[in-house]
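Colleague: Just passing along the structure, written as C-alpha cells.
The values are calculated or read from the model by the stated rules, or taken from the named source; none is laboratory data. In this text, all values refer to a predicted model and were calculated from it rather than measured experimentally. No Cβ is skipped: glycine too gets one built from the backbone with ideal geometry, and neighbour counts run over all protein chains shown. We work out accessible area using only protein heavy atoms, side chains counted, and drop any ligands, DNA or RNA first. Shrake-Rupley method; radii C 1.70, N 1.55, O 1.52, S 1.80 Å.
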Amino acid sequence: MQIQRKEHAMKVTYIEHSGFLLEWEHCVWLFDYYKGTIPEIPREKKILVFASHSHGDHFNPEIFEKFAGYPHVEYLFASEIRHKVRKLDLPGEQMERITFLKPHQSWCTQDGAGEEIELRTYRSTDLGVAFLVAYQGKKIYHAGDLNWWVWKGESKQEYNNMTANFQREIQLLSQEAGHIQIAFVPLDPRQEEWYRLGMDYLLEQVEVDTVFPMHFWGDFSVIERYKKEQTQYADKLIPISGEGFEVVL
C-alpha cells in the first residue's frame, strides 16, 4: 500500500510490535526496536534511534551493535533507560551519542542537511515517555506505552488513577501539538473489551490524520476489529498486515 504526496515524502516500515522505521531524504528514525529486520540504511545517513522506555519489548541493547559502524547516529532515550545503559559498558564514543530525556522535556537536533528536528516528551502511564517530533512541517507522535491501560480485576482506585493520568497527558498533547499528521498508538487485544479506550480518547481529543496501530502482540486482526467497531475513525488507521509492511506518506 502506498500513499504518495509530492513534498517531503517519508517511508514508514513496520518492524515488529511498536517498532517502526521512518525514512526521510536527509535522516532516518527508528522507534522502539526490540526485534525484527531493520531495512538496510545507507551509512552516510543521519540516524535517530528512539526508545520510549526500558521494557524488553521496547528497548533492545543490540541496537548499539547494529549501528556501531554508522558515523551519524544519535540515541534519544527515556531517562529511566539510563540504568540499563550503565550496565552495558559501552565505549565512550557511543555514550556521547546518547541523550536521556525526562517527561515534559524539549530537545532539538538536526538532520543530515542541518534542518532542525524538534522533540517533546510526555509522561507515560507505564514507564518512560511518549515522543512528539516536529520536522519539515509535520508532527509525528509515538506513544510508547502511554495508553489508557485497563485490566480485569483492577480496583476502582486503580482505574481512576489510570484514567486521570492518561487523560491529563493526552489533553496536554492536544494543547501543545494541535494537529498531528502521523501517530503510532497502542491497540492491545490483551485489554479485551477495553482495547480501544486509549485510541478512541486520543482521536477524540487530538486532530490526527493517519494512525499506525502498534503493541498488538502479533494479533493483526485487532486492526480490522477496530475498523468495524469504530467506523468514525476507521479510515485513519493504516491496515498493517505483517512485518516489513511499508507505506509512503
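Colleague: Gaussian network model of the chain, Cα springs within a sub-10 Å range: biggest mean-square fluctuation belongs to which of His58, His179, His83?
Modeller: His83
Colleague: Compute the accessible area per residue over the stretch 169-236, keeping the other protein chains in place, probe 1.4 Å, unit Å².
Modeller: I get 41 Å² per residue for this part.
Colleague: If you don't mind, another one. Report the label-to-label distance for Asp209 and Glu158 in nanometres (one decimal), using points 7 Å from each Cα along the Cα→Cβ vector.
Modeller: According to this spin-label approximation, the distance is 4.0 nm.
Colleague: Would you kindly calculate the mean projected area, averaged across all directions, of the convex hull enclosing the Cα atoms of the stretch 1-137, in square nanometres?
Modeller: Averaged projected area of the stretch 1-137's Cα convex hull equals 8.6 nm².
Colleague: Considering only Cα-Cα distances, which of the following residue pairs are longer than 32 Å: Lys87/Lys152; Lys46/Lys228; Lys87/Lys139; Lys11/Lys66?
Modeller: Over 32 Å apart, Cα to Cα: Lys87/Lys152; Lys46/Lys228; Lys87/Lys139.
Colleague: Could you work out the pair-distance distribution P(r) of the stretch 39-94 from its alpha-carbon pairs, with 5 angstrom bin width and percents rounded to whole numbers?
Modeller: In order of increasing distance, the bins hold 4, 16, 31, 26, 15, 7, 0 percent.
Colleague: Scan the stretch 22-113 for trypsin sites (Lys or Arg not before Pro) in coil per DSSP, keeping those whose Cβ has at most 12 other Cβ atoms within 10 Å, and list them by number.
Modeller: Of the trypsin sites (Lys or Arg not before Pro), the ones in loops of the stretch 22-113 whose Cβ has at most 12 other Cβ atoms within 10 Å are Arg43, Lys87.
Colleague: Quick check: pseudo-label points 7 Å beyond the Cα along Cα→Cβ at Gln175 and Lys11, how many nm apart are they?
Modeller: Result: 4.0 nm between the two label points.
Colleague: Among all stretches of the chain without exposed GluC sites (Glu not before Pro) (DSSP loop, at most 11 other Cβ atoms within 10 Å), which one is longest?
Modeller: Segment 97-249 is the longest.
Colleague: I would also like to ask the following. For Glu25 and Asp235, what is the calculated FRET efficiency with R₀ set at 30 Å and r taken between the beta-carbons, to the nearest 0.05?
Modeller: It comes out at approximately 0.60.
Colleague: For Trp194 and Met95, what does the FRET efficiency come to when R0 = 41 Å and r is the distance between their Cβ atoms, rounded to the nearest 0.05?
Modeller: 0.50
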